[in-house]
Amino acid sequence: MEQLVEARLDEIRRVMCKADDDPLKIVGVGAGAWGSVFIAMLQENYGTFRDKVSVRIWRRGGRSIDKATAQHLFEVINSREELLRRLIRRCAYLKYVEARLGDRVLYADEILKDGFCLNMIETPLCPLKVVTNLQEAVWDADVVVNGLPSTETFQVFSEISKYWKERVTAPVIISLAKGVEAEFEPRPRIVTPTQMIYRATGIPLENILYLGGPNIASEVYNKEYANARICGSEKWRKPLGKFLRQSHFIVWDNSDLVTHEVMGGLKNVYAIGAGMVDTLTKESATSKSVYFAHCTSEMIFITHLLAKEPEKLAGPLLADTYVTLLKGRNAWYGQKLAKGELNLQMGDSIKGKGMIQGVSAVKAFFELLNQSSLSLQHPEEDKPVTPAELCPILKMLYRILITREVSCEAVLEALRDETMNDPRELIEIAHSHLFFQPSLLGQTP
């Protein structure tokens, strides 16, 4: 097995034209749950070949950890003998004792070095090399893994571009971000994280890829069987797919980067509503199935606007939606809002969970699809309507989360509206109308 792993490392080094005395430098930017797990998997798989590869992760310094989190972290450490022994061997255990007692303050970058991601305390990772200086982290990187939320991607990569001005060769960037933004001038369109990275850095598009799949970060790290797709140019997606593949983590490749990236953001929209329905109906399987029928019909309708061959996306989109509804942070957020344990005034960056990307995605998709320039003829009322008007769940989530004019209970009102059409009818509209809008993804017809 070790020989196979080393052979994969040698192959990607050959593809990237690395000299024998020059390690392949892999850098994670952003230390959320999935970003941290992704880098930890690479460290565990390839980290022993220190003369051939260097794996590190950047996160901002200065983020302190409150006493309650420190106490929880101490409990996690003491419940795992192997972890406890590792920290003692590294002379790192005492600081967790002191933090538990309130005698010192721990910082997020400090505990990440020991393998603790602030957004995923109960799933300890392997020790990581953590850098808090962005320039030091990325200036000579060969592969950069974007683990930032979409809302931070452009800003951080704009700063990174300053450190790459004198580079001779462009790095390869793998984006894990699943959020989307919208812009309306000169024409309405979705902006994805890979497009933000391109705008911020000018790195050739063929060097920017997206990796996504129906995965829960903690389960992937614990070696639950999972799969993902790496999307982008053939030059890089195929060798990187082989390099990233592990026995429990199967990586396929696909050329359709932007559409897969957009679909990764779309399922987060409906996951929030699913969490609300779950709580408000006391986990009623029947009510959740009704919601699922309506939200999947809306997603199918939207994919027909965004993709020339939407049928090819059905499997990946439904799989990603399914796992997100079951256990994702966006569904969790919807549950907590409906229970009253969180409120919208707290924002969409939540302690212990990180950024809830579905909130900004609700805003982006609704405002984009509510543009009059995209209007189509209503099948029954014979009048022009925007695509958003045909998506009552999306519209209600916008009113709950963005304009805040109604409470979470309104999502049930939308489901129980007697005037709501059979979900099948929306799918029929999608199939019977040729309204693919390539401009929404910044593409030409």
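The values are calculated or read from the model by the stated rules, or taken from the named source; none is laboratory data. What you see is a predicted model; the values in this text were computed from it and never measured. Neighbour counts run over all protein chains shown; Cβ positions are idealised from the backbone, glycine included. Note: areas computed on protein heavy atoms with side chains; ligands, DNA, RNA excluded. Shrake-Rupley method; radii C 1.70, N 1.55, O 1.52, S 1.80 Å.
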### Query
When Gly241 is evaluated against the numbered criteria (1) over 14 Å from the mean Cα position of the chain (by Cα); (2) open to solvent by 10 Å² or more (accessible area, probe 1.4 Å); (3) of a type outside the set (A, V, I, L, M, F, W, C), which criterion, by number, is the only one it fails?
(2)
### Message
Can you pull out every residue in segment 96-134 that is outside any loop (DSSP other than H, G, I, E, B), in contact with a Phe, Trp or Tyr (Cβ under 7 Å, 6 or more places away or on another chain) and closer than 24 Å to Met355 by Cβ?
### Response
Val131, Leu134
### Task
Report yes if Lys336 is open to solvent by 50 Å² or more (accessible area, probe 1.4 Å), part of a helix (DSSP H, G or I) and either of a type in the set (Lys, Arg) or in the same structural domain as Ser218 (by the TED database) (or both), otherwise no.
no
### Task
Would you mind telling me which numbered condition in (1) surrounded by fewer than 20 Cβ atoms within 10 Å (Cβ to Cβ); (2) hydrophobic (A, V, I, L, M, F, W, C); (3) under 23 Å from Lys238 (Cβ atoms) Val53 fails?
(1)
#### Entry: Test for Ala177: is it in contact with a Pro (Cβ under 8 Å, 6 or more places away or on another chain), part of a strand (DSSP E or B) and either assigned by the TED database to the domain that holds Phe38 or at positive phi (or both)
no
### Task
Mind listing whichever residues of segment 281-309 are in contact with a helix residue (DSSP H, G or I) (Cβ under 7 Å, 6 or more places away or on another chain), open to solvent by 10 Å² or more (accessible area, probe 1.4 Å) and free of Cβ contacts under 8 Å to residues at least 60 places away in the same chain?
Lys288
### Query
Given Ile216, Ile250, Ile190, Ile173, which one is under 23 Å from Lys25 (Cβ atoms) and either in contact (Cβ under 8 Å) with a residue 60 or more places away in the chain or of a type in the set (A, V, I, L, M, F, W, C) (or both)?
Ile173
### Task
Please identify the pairs in which a residue from segment 400-426 that is more than 10 Å from Leu280 (Cβ to Cβ) has its Cβ atom under 6 Å from the Cβ atom of a residue that is among the basic types (Lys, Arg) and in a helix (DSSP H, G or I), counting only partners at least 6 apart or on another chain.
Ile402/Lys363; Glu405/Arg399; Val406/Arg399
### Query
Scanning for something surrounded by fewer than 18 Cβ atoms within 10 Å (Cβ to Cβ) and closer than 30 Å to Tyr198 by Cβ, does segment 68-90 turn up at least one residue?
no
### Task
Residue by residue through segment 387-407, note down the ones that are open to solvent by 20 Å² or more (accessible area, probe 1.4 Å) and either assigned to a loop (DSSP other than H, G, I, E, B) or polar (S, T, N, Q) (or both).
Ile402, Thr403, Arg404, Glu405, Val406, Ser407
